[in-house]
Number of protein chains: 4
Amino acid sequence: MNKTYDAIVVGGGVIGGAIAFNLSKRGMKVLLLEKDRLAGKASGAAAGMLGAQAELDGESPLFQLARTSRALFGDLADELMVASGVDIELVEKGMLRVALTERDQQEHQTIIEAHTQNGETAELLTGEEARKREPTLSDEVTGAMYLEKDGQVSAPQLALGFLKSASALGCVIKEDLEVHSLRFSNGKVTGVTTNEGDFMSSHVVVTGGVWSEKLISETGLQLNMYPVKGECFSVRTEAPLLTSTIFTPGCYLVPKKDGRIIVGATVVPNTFNQQVTLEGIFSLMAHAQKLVPSILQGEWEKAWTGIRPQTADGLPYLDEHPDYKGLFIATGHFRNGILLSPITGEIMADLIEGKSPAVDLSSFRLNRLNRKTNPIAR
Amino acid sequence: MNKTYDAIVVGGGVIGGAIAFNLSKRGMKVLLLEKDRLAGKASGAAAGMLGAQAELDGESPLFQLARTSRALFGDLADELMVASGVDIELVEKGMLRVALTERDQQEHQTIIEAHTQNGETAELLTGEEARKREPTLSDEVTGAMYLEKDGQVSAPQLALGFLKSASALGCVIKEDLEVHSLRFSNGKVTGVTTNEGDFMSSHVVVTGGVWSEKLISETGLQLNMYPVKGECFSVRTEAPLLTSTIFTPGCYLVPKKDGRIIVGATVVPNTFNQQVTLEGIFSLMAHAQKLVPSILQGEWEKAWTGIRPQTADGLPYLDEHPDYKGLFIATGHFRNGILLSPITGEIMADLIEGKSPAVDLSSFRLNRLNRKTNPIAR
Amino acid sequence: MNKTYDAIVVGGGVIGGAIAFNLSKRGMKVLLLEKDRLAGKASGAAAGMLGAQAELDGESPLFQLARTSRALFGDLADELMVASGVDIELVEKGMLRVALTERDQQEHQTIIEAHTQNGETAELLTGEEARKREPTLSDEVTGAMYLEKDGQVSAPQLALGFLKSASALGCVIKEDLEVHSLRFSNGKVTGVTTNEGDFMSSHVVVTGGVWSEKLISETGLQLNMYPVKGECFSVRTEAPLLTSTIFTPGCYLVPKKDGRIIVGATVVPNTFNQQVTLEGIFSLMAHAQKLVPSILQGEWEKAWTGIRPQTADGLPYLDEHPDYKGLFIATGHFRNGILLSPITGEIMADLIEGKSPAVDLSSFRLNRLNRKTNPIAR
Amino acid sequence: MNKTYDAIVVGGGVIGGAIAFNLSKRGMKVLLLEKDRLAGKASGAAAGMLGAQAELDGESPLFQLARTSRALFGDLADELMVASGVDIELVEKGMLRVALTERDQQEHQTIIEAHTQNGETAELLTGEEARKREPTLSDEVTGAMYLEKDGQVSAPQLALGFLKSASALGCVIKEDLEVHSLRFSNGKVTGVTTNEGDFMSSHVVVTGGVWSEKLISETGLQLNMYPVKGECFSVRTEAPLLTSTIFTPGCYLVPKKDGRIIVGATVVPNTFNQQVTLEGIFSLMAHAQKLVPSILQGEWEKAWTGIRPQTADGLPYLDEHPDYKGLFIATGHFRNGILLSPITGEIMADLIEGKSPAVDLSSFRLNRLNRKTNPIAR
């Protein structure tokens, strides 16, 4: 077995998949390594909202990145279907960011102004208008912001679509294979050491979500990431309850293509524990009932968790390592990994090829982190 | 294949299992037929409480039957273990019937008097005393009744234990085999017609829970049963939260041997639909939290339903058919099928052997039902 | 709840779904009743081959029906996607009917002649040519017949697509609801009696697969059906092993859109038992290995069974009851229920509407069966 | 949260559980850390044979250890049941090591002599005598060795029993928590750094199976372990097929208490990949069928894998680290982790307490390994 590759991707989630797919499309011979199962962590657990406007502040540097990424999904859905036969279940029925209080409504006003300045539109609705769009919305809903372009996909299918398409383009994918450490020579990355031996490449991308920290800490760089557990559950309803996604900061309801509704998500920082607690389910149910009372008549399907990677300043890392040439890092997407995966795949492929990405990356650089001098002597 | 048996049991739940076990022990050649999977309906779904005192009114004719049955569990656990190696997970740590209101406490007073007159004891506790026994009980608990002898078992294991033990004693058990109709000759039962042909016996016992109605209605007897859906869920906790079972009429918490707690059960009459609804889970969680607040920190395991067989007067049927000799009926145990299964097994085996059971069966006779004349002309 | 409908469909499999969908499209108010779970029996278990030519003798009256039905799948896939969002995962990559012996090859020659006379084409390949198409085929393959138009779908998705689309068009669907008996008046059907009460309609269609027998036998008609168990399993492979479906009479390999391969199916007549036996898996593996040796390197996913409805002469029943007006029967599709479902849906909707179907139904009539006189006196 | 403990156990399998249980019994305050799920790897996957004589060469240093450990199971079963309510499902019905060839029989002769010299007995049987004991054995069986004391347990239940009993004795157990590195000061271990912060203790035991290598390699010690994948599957039979365990070097059949038979296990070295392959199942079935032909009539349940930790010389490591005081290692039990867990728990607790174990450990020392000088500079 030839163990030298043009690039090695560490991590088999949606970010790793997107990068492997883009590199493979550009003709590179790629190896992707996953320590457990593909899409087994945050990527497989996400509800799949593409909430560029619903979730993000118009003033955040993430906003432009998110808008650009959201615009890629239409073509991507076709491309992945052709390459791998995987349907990412893109739904473009918009999102309703819903207000229950006057303060929520004022917030919507502010958000909408920022969006408008950034070239996006959003429609402000009264409670009644919102219920005309979505008749199952509760009477407690006093207003809403309709975001036409904020669609949604199946998160596990998206991850799978990237990975299967990469594989169809020649990428080698290995599960249950853990990278123990990175290999360096003369300030350049040369490969990885795993529990099944060494693999060599002059390009290594670490996309391990919050589990990236450990590997990168060997290089003297502290990523300062922390895990944020999110709990979700899904419901089946006889007739469809919703057309658009219903969003509030504390709870959202995402009507999937197959008739299920995903209700998410709790925000439990600083734990890697992947248990679903009764408290998580109970609080989500209480919240969801306030938004759409008839959801309680739905059939329980199942609950699950994901551990999202958060950074100290809330912005992802998309950069080459400042001290080790050829070592790239793409992580810290928190709740926006699904939304940001298409653009992240393109950006990182550009960086690896030595091209300048079309996007301004200054906010996502690693130079905002402290680092120790000379940590590795290999 | 010889298709003649000493007795045919229709139904592979805990009642059918108990009867097949008793008949096999007495040397009869038994055939048991189950239309789906063994213990696949109410028997496998039950929480396994042996609440003779917690659940039953001292004045009910069921009370004496339940007391007698409860007393059989100790020896039965050993007997089934020896015969089949199945552990029914008997726990004899008592039950706390808990009061949240003054009215609940008055009710306890009344119950205790009836029990005392019937030869049972029960200990009345203040809220503080209850919390001394079970420190995780909420401050809202103002009193409790401690029922030392009301234990619990694993319901699926009990059903399995009866069935495996019957099998070890020679009983033939067939799944996915549906009885289409009963066969008669000269006012006597002669066997059954199934989707895999006929099986002959001069003794047929119908133990099909609420699904018994259809088969028996052919004989002109209306059992007047109705289904009552019950939803449950289970929780895992790191450290044990409870020693005894906590009981209120609307919600109970049963701490199983393996560390899980089963929380049950909703009461949804007149539906055969086996879906778990969000509403069911949500209301149980709200109720359980009031009793033991820290249950919310537990880990969600899963939810399920059972369809219990209820009769118009709330009493089971344990009798031979008034018109057809050799046709026996044992069903209608509602929420007490697990508790009543040992005595039901013995009683029905007595009736089939033509012996007089030691228990007064007058309240459980079929002669309290109307019937059509001459329904069958075969 | 208004309990009167334009039509009642008994059975929630692919045939019941197809009929409910067609009736709903034509503006009828339909009720569909399923005794267990939707698509829970044969429909959910099928491998989804559309083997009009691979499976059927050119001389069989089924052949024309199958050809016509197969031609409907392209438009149907789009129609169900629009109506319900369900992707039936149609794959139109043809089928290779593979020969291992000289006798197989002679058989192919005969089949091809019959097909040609019936207006279908098929390409005869040498072993080498077959391996050029499918390089993983074993050297033992000495020839093949390439059937371009024999595609495949996801069987559970097809059933779901029909059912969800019917539901979106207003059809009421109920699970866990068993029809105990049919209701008649003056030689006409008037409705059904179920475990949740009566539902009225002057059109009732029985589509209960092999479980139809019991209900229909009440009318004095003996359907003479018998169950044929089929066992299957599925495999995951890293890279795709196959493009087309590989077919032999004893074993087929169906490469699904999501990368799994379904290997089927055993033929075990006269049992309703739904267990997967080791023998079933073992014999399928031995057979599959002969066709595509590298399948053994694949990852085991799971195994399951389906109980297919077979008739004495191997032809389905598609007809109105000879004695009871308004009572329709559509069952007995054996291994071809998926393939025949689109045309069956249209035919039965025509019959119910009193229209003459475009297809010659003489071979599928019920008048080929014996019947008792005057069985019901209601 | 106080983060200082008397001892920290790294690894939540059967070995970690046994050590945590013994330390807790001796009054120590223990923390156990598991990076995934408790008993989620080799411990939960094992068939549970206690094959001290069937598996081990009488001349191996492991033989005495295994004999001693096997003798502990009777009392242990009671002790864990009392402490935690967990039934480890100990079956003491012996093992039949079966011969199919003359060479197998000669091997039995040699084994029996070695055992006799080591104080164990074994009964040599002809094929006929073997079939008298186990009538389902094939005619191809030409002889057997009956090992009365080689019993079996439920491997997952044993692991759970140790862990729950430790927990009941005050041990703190955390899942999804990965140890990134060990902490040292002045040549002594001082604790561990995890993905949820630091935990301090002057005693750390690494019991991470084949995943121990990485953590220990930081100390300059090369454990030279390699993974060996084992695939198993389980069968359900209507009537019990076997009483004793049937053992051959390539395949064994273990009749569990609940009526299932576990068939194991393949031996696939040098992979961490946890997939079950068709090849694995197929070869086990072929082998099992040769031993007990009627196994093929059994019902398929499921298949799974475990990754066993093997060492270069086939002997486990049970020792304190030669360079770092307070750091202990217990791993490398290969296929004998279940059997050796009771004695390993006692030995390691002795070592940690500074007592001399009653067993000769010279063969299990770490000084048989090479090590780098001064690997860590902390």
Worksheet, complete the sentence: When region C:344-356 is checked residue by residue, the ones that are under 20 Å from the mean Cα position of the chain (by Cα) and more than 19 Å from residue C:60 (Cα to Cα) are C:345, C:346, C:348, C:349, C:350, C:351
Discussion item. Within region B:141-162, does at least one residue satisfy the condition of being β-branched (Val, Ile, Thr) and closer than 30 Å to residue B:9 by Cβ?
Written reply: yes
Item to complete: List the number of the failed condition for residue C:239; all other conditions in (1) at negative phi; (2) more than 10 Å from every other protein chain (Cβ to nearest Cβ); (3) assigned to a loop (DSSP other than H, G, I, E, B) hold.
Response: (2)
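Here are B:18, B:77, B:71, B:54: which of them is outside the structural domain of residue B:198 (by TED's automatic domain parsing), among the small types (Gly, Ala, Ser) and under 19 Å from residue B:169 (Cβ atoms)? Don't jump to the end; show me each part of the working.
Details: B:18 fails: outside the structural domain of residue B:198 (by TED's automatic domain parsing); B:71 fails: under 19 Å from residue B:169 (Cβ atoms); B:54 fails: under 19 Å from residue B:169 (Cβ atoms).
Of the residues listed, the single one that is outside the structural domain of residue B:198 (by TED's automatic domain parsing), among the small types (Gly, Ala, Ser) and under 19 Å from residue B:169 (Cβ atoms) is B:77.
Can you tell me which residue within region D:279-288, out of those that are among the aliphatic types (A, V, I, L, M) and more than 7 Å from chain C (Cβ to nearest Cβ), is nearest to residue C:288 (Cα to Cα)?
Initial filter on region D:279-288 (among the aliphatic types (A, V, I, L, M)): D:281, D:284-286, D:288.
Retained after the next criterion (residues that are more than 7 Å from chain C (Cβ to nearest Cβ)): D:284, D:286, D:288.
On the way: D:284: 17, D:286: 15, D:288: 20 Å.
Residue satisfying both the conditions and the ranking: D:286.
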Fill in: Hey, residue D:70 closer than 14 Å to residue D:340 by Cα and either of a type in the set (D, E, K, R) or without any contact (Cβ under 8 Å) to a residue 12 or more places away in the chain (or both) or not
yes
Worksheet item: Given (1) buried (at least 21 other Cβ atoms within 10 Å of the Cβ); (2) of a type outside the set (Phe, Trp, Tyr); (3) within 30 Å of residue B:64 (Cβ to Cβ); (4) not assigned by TED's automatic domain parsing to the domain that holds residue B:218, where does residue B:269 come up short, assuming only one miss?
Response: (1)
Discussion item. Any residue that is on the phi < 0 side of the Ramachandran plot, buried (at least 17 other Cβ atoms within 10 Å of the Cβ), touching a residue at least 40 places away in the same chain (Cβ under 8 Å) and of a type in the set (Ser, Thr, Tyr) - is there at least one of those in region D:171-187?
Written reply: no
Practice prompt. Being within 20 Å of the chain's Cα centre (by Cα) and at pLDDT below 95 is the filter here, so list the residues in region A:231-263 that pass it.
Written response: A:249, A:250, A:256, A:257
Item to complete: Tell me, yes or no, whether region C:119-136 has at least one residue that is among the acidic types (Asp, Glu) and within 27 Å of residue C:64 (Cβ to Cβ).
Response: yes
Worksheet entry | Condition broken by residue B:228, with the remaining ones in (1) within 17 Å of the chain's Cα centre (by Cα); (2) crowded, with 23+ Cβ neighbours inside 10 Å satisfied | (2)
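Hey, which of the strands (runs of 3 or more DSSP E) in region A:269-378, taking only ones fully inside, have at least 3 residues that are touching a Lys or Arg at 6+ places or on another chain (Cβ under 9 Å)?
Numbers: elements: A:299-311, A:317-320, A:327-331.
Qualifying strands (runs of 3 or more DSSP E): A:299-311, A:317-320.
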Item to complete: Name the single residue, out of those in region C:188-213 being at pLDDT below 95 and surrounded by fewer than 19 Cβ atoms within 10 Å (Cβ to Cβ), that is nearest to the other protein chains (Cβ to nearest Cβ).
Response: C:196
Response to the item:
Condition set touching a Lys or Arg at 6+ places or on another chain (Cβ under 8 Å) and outside any loop (DSSP other than H, G, I, E, B), scope region B:119-151, selection nearest to residue B:63 (Cα to Cα): answer is B:147
Discussion item. Every residue in region D:320-339 that is touching a helix residue (DSSP H, G or I) at 6+ places or on another chain (Cβ under 7 Å) and either touching a residue at least 60 places away in the same chain (Cβ under 8 Å) or crowded, with 21+ Cβ neighbours inside 10 Å (or both), please.
Written reply: D:321, D:322, D:328, D:329, D:330, D:331, D:333, D:335, D:336, D:337, D:338, D:339
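Scan region A:82-98 residue by residue and report those that are without any contact (Cβ under 8 Å) to a residue 60 or more places away in the chain and of a type in the set (A, V, I, L, M). Can you show your working first?
If we filter region A:82-98 for residues that are without any contact (Cβ under 8 Å) to a residue 60 or more places away in the chain, which is where we start, we get A:82, A:92.
The one that is without any contact (Cβ under 8 Å) to a residue 60 or more places away in the chain and of a type in the set (A, V, I, L, M): A:82.
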Worksheet, complete the sentence: Being in contact with a His (Cβ under 6 Å, 6 or more places away or on another chain), more than 10 Å from every other protein chain (Cβ to nearest Cβ) and over 30 Å from residue A:102 (Cα atoms) narrows A:318, A:327 down to just A:327
Practice prompt. Give me a count of the residues in region C:69-91 that are at pLDDT below 95 and more than 23 Å from residue C:230 (Cα to Cα).
Written response: 7
Worksheet item: Does region A:245-268 include one or more residues that are in contact (Cβ under 8 Å) with a residue 60 or more places away in the chain, under 27 Å from residue D:179 (Cβ atoms) and away from chain B (no Cβ under 14 Å)?
Response: no
Fill in: Test: residue B:105 is exposed (fewer than 15 other Cβ atoms within 10 Å of the Cβ), farther than 30 Å from residue B:302 by Cβ and over 18 Å from the mean Cα position of the chain (by Cα)
no
Worksheet item: When region D:289-308 is examined, which residues are found to be under 23 Å from the mean Cα position of the chain (by Cα) and within 12 Å of chain C (Cβ to nearest Cβ)?
Response: D:302, D:303, D:304, D:305
Item to complete: May I ask you to list the residues in region A:156-208 that are out of contact with any Gly (no Cβ under 8 Å at 6 or more places or on another chain), of a type in the set (Gly, Ala, Ser) and in a loop (DSSP other than H, G, I, E, B)?
Response: A:170, A:187
Discussion item. Considering only region B:84-99, I want to know if a residue exists there that is within 14 Å of chain D (Cβ to nearest Cβ) and part of a helix (DSSP H, G or I).
Written reply: yes
Discussion item. Looking for something out of contact with any Pro (no Cβ under 8 Å at 6 or more places or on another chain) and within 26 Å of residue B:39 (Cβ to Cβ) - is there at least one such residue anywhere in region B:367-375?
Written reply: no
Discussion item. Just to check your reading of the model, which residue among B:272, B:184 is away from chain A (no Cβ under 12 Å) and over 29 Å from residue B:350 (Cβ atoms)?
Written reply: B:272
Item to complete: Tell me, please, whether a residue that is of a type in the set (S, T, N, Q), farther than 30 Å from residue B:255 by Cα and in contact with a helix residue (DSSP H, G or I) (Cβ under 9 Å, 6 or more places away or on another chain) can be found in region B:297-308.
Response: no
Item to complete: Spot the failing condition for residue A:48; the list is (1) surrounded by fewer than 21 Cβ atoms within 10 Å (Cβ to Cβ); (2) at positive phi; (3) of a type outside the set (D, E, K, R), and only one is missed.
Response: (1)
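Just checking: which of the helices (runs of 4 or more DSSP H) contained wholly in region C:1-55 hold 2 or more residues that are farther than 26 Å from residue C:266 by Cβ? Explain how you work it out, then say what you get.
Values: elements: C:14-25, C:42-45, C:52-55.
Counting at least 2 such residues, we get C:14-25.
The values are calculated or read from the model by the stated rules, or taken from the named source; none is laboratory data. Computed from a predicted model, the values in this text were never measured in an experiment. Ideal geometry is used to build each Cβ from the backbone, glycine not excepted, and the neighbour counts take in all protein chains shown.
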